[in-house]
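Since the structure comes first, as structure tokens, the remarks are kept for the end.
The values are calculated or read from the model by the stated rules, or taken from the named source; none is laboratory data. Note that this is a predicted model, so its numbers are computed, not measured. Positions of Cβ are generated from backbone atoms using ideal geometry, with glycine treated the same way; all protein chains shown enter the neighbour counts.
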Amino acid sequence: MNKEIRTGLVFGGIIIIGITVISLIFSSFESEINNSGIIQNSNLKKAPELEGIAFYHNSNREDLSSEMKDKVILYDIWTYSCINCIRTLPHIISWDEKYRNEGLLIIGIHSPEFDFEKDPNNVKKAIEKFGITYPVVMDNEMKTWKAFENRYWPRKYIADHEGYIRYDHIGEGGYQETEKIIQQLLQERSDDLNLVNTFESEFVMIEEFEHTNFRTPELYFGYKLAQNRNQLGNSEGFQANKIVDYKSTDDLELHKFYLTGEWRNNSENMELISNEGTIRILYNAKQVNIVAAGQSNLEIYLDGQPIKSDISGSDLSIDSTLNVNESRLYNLIESKNSESGILELRIDKPGFQIFTFTFG
């Protein structure tokens with residue numbers, strides 16, 4: 001056999017081996033997901049145990065552990081001042097009502113972003129406000145968050161009745177896709193346990209919030225969370241753990257916040273120290289929210305005028321004022337269309353704390 005033929009046979013063999021390996025790889029991928037989109041391979045991960053739980057709402061450790069047996073479980077990782085989490089709750093609550101008696105168990109894993117969200121009383125108030133009746137566990141040390149290897153609010157994992165994670169969704173949206181997975185995993189459960197499903201196949205229909213394509217990003221007031229973000233427009237800048245006297249300026253850049261008055265730079269928030277102060281933002285969005293704490297009354301203005309009734313947020317009074325009396329998210333502006341302008345908050349007393357602005 002001459003050299004050319006031997007070389008051709010070697011290359012031909014390499015090509016055949018390569019094609020075979022690629023086919024096996026694609027075959028393994030195809031075995032992981034069937035036509036419905038559900039993960040279906042033998043390398044599935046079990047949902048981790050609920051670790052480091054500081055407090056239980058709507059259940060207790062023993063009852064919840066018993067209730068989890070043979071259930072399809074939707075784990076909702078959330079926190080109560082997160083607007084993205086709040087927007088998903090109507091769907092989650094509706095799924096609980098529709099599928100609870102069909103074998104679905106929803107567990108809210110409350111994973112705090114801010115210290116005030118570690119308070120069981122604050123979480124209890126939020127649960128009652130939103131109408132949540134399924135179990136909510138408080139993951140104050142973020143141990144369960146880490147066990148899931150999670151990095152996002154909100155995030156939904158769905159485990160089948162044998163405890164294997166079969167679905168994973170980050171953020172808002174994907175509601176029909178998620179409900180389809182719930183139905184299919186409940187059907188698997190019924191088939192395995194010789195049960196009969198009685199739920200209707202039609203999906204829950206709730207109007208989704210539609211974000212504007214161009215909007216101001218979330219603004220963080222705590223120096224720790226604001227690291228690597230150029231969001232404070234004052235020349236004085238962030239000064240960790242110091243009280244800074246911020247001076248007024250007329251030159252406002254889009255997507256930045258500007259302060260006047262004396263503010264203490266805390267790791268999670270800015271706290272007003274002087275008797276009065278202001279926050280101004282040149283923004284673009286159709287929805288504006290703040291996460292705030294302390295006891296204060298705020299006057300809210302848009303381009304120097306009180307907020308008009310047709311875009312007034314749900315937490316504003318008719319005279320365009322905001323009473324901050326709890327540590328939570330407050331809705332300032334709610335418009336059908338994107339608005340752009342200078343939003344100004346005038347605070348009347350020291351002690352007011354602001355954590356973030358969020359936009360939609």
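Could you tell me whether I106 is without any contact (Cβ under 8 Å) to a residue 40 or more places away in the chain and buried (at least 22 other Cβ atoms within 10 Å of the Cβ)? Judged against the criteria, I106 is a match.
When residues of the stretch 298-316 are filtered for being hydroxyl-bearing (S, T, Y), more than 11 Å from R346 (Cα to Cα) and surrounded by 12 or more Cβ atoms within 10 Å (Cβ to Cβ), how many remain? Total meeting the criteria: 1.
So that you can scan it fast, the table gives a plain yes or no per residue for (1) surrounded by fewer than 18 Cβ atoms within 10 Å (Cβ to Cβ); (2) outside the structural domain of Q287 (by TED's automatic domain parsing); (3) more than 18 Å from the chain's Cα centre (by Cα); (4) closer than 18 Å to N58 by Cβ:
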{"site": "Y80", "(1), (2), (3), (4)": "no, yes, no, yes"}
{"site": "E102", "(1), (2), (3), (4)": "no, yes, yes, no"}
{"site": "Y152", "(1), (2), (3), (4)": "yes, yes, no, no"}
{"site": "K180", "(1), (2), (3), (4)": "yes, yes, yes, no"}
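The combined condition, being at pLDDT 95 or above and farther than 20 Å from E97 by Cβ, is not fulfilled by Y175.
For the stretch 162-172, check the following and say yes or no: at least one residue is small (G, A, S) and under 30 Å from D245 (Cα atoms). No.
Scanning the stretch 62-70 turns up one or more residues that are under 17 Å from R166 (Cα atoms) and out of contact with any strand residue (DSSP E or B) (no Cβ under 8 Å at 6 or more places or on another chain). If the condition is being within 24 Å of K129 (Cα to Cα) and part of a strand (DSSP E or B), then the stretch 287-320 contributes Q287, V288, N289, I290, V291, A292, A293, S296, N297, L298, S312. So how many residues does the stretch 321-339 have that are surrounded by 16 or more Cβ atoms within 10 Å (Cβ to Cβ), closer than 18 Å to A285 by Cβ and not β-branched (V, I, T)? Selection size over the stretch 321-339: 9.
Of all residues in the stretch 193-239, those that are crowded, with 17+ Cβ neighbours inside 10 Å, assigned to a loop (DSSP other than H, G, I, E, B) and among the hydroxyl-bearing types (S, T, Y) total 2. Whether a residue is under 14 Å from L89 (Cβ atoms) and free of Cβ contacts under 8 Å to residues at least 40 places away in the same chain was assessed, and E162 does not pass this test.
Here is a check on your reading of the model: is V244 β-branched (V, I, T), buried (at least 18 other Cβ atoms within 10 Å of the Cβ), in contact (Cβ under 8 Å) with a residue 60 or more places away in the chain and in a strand (DSSP E or B)? Here the answer is no, as V244 does not meet what is asked.
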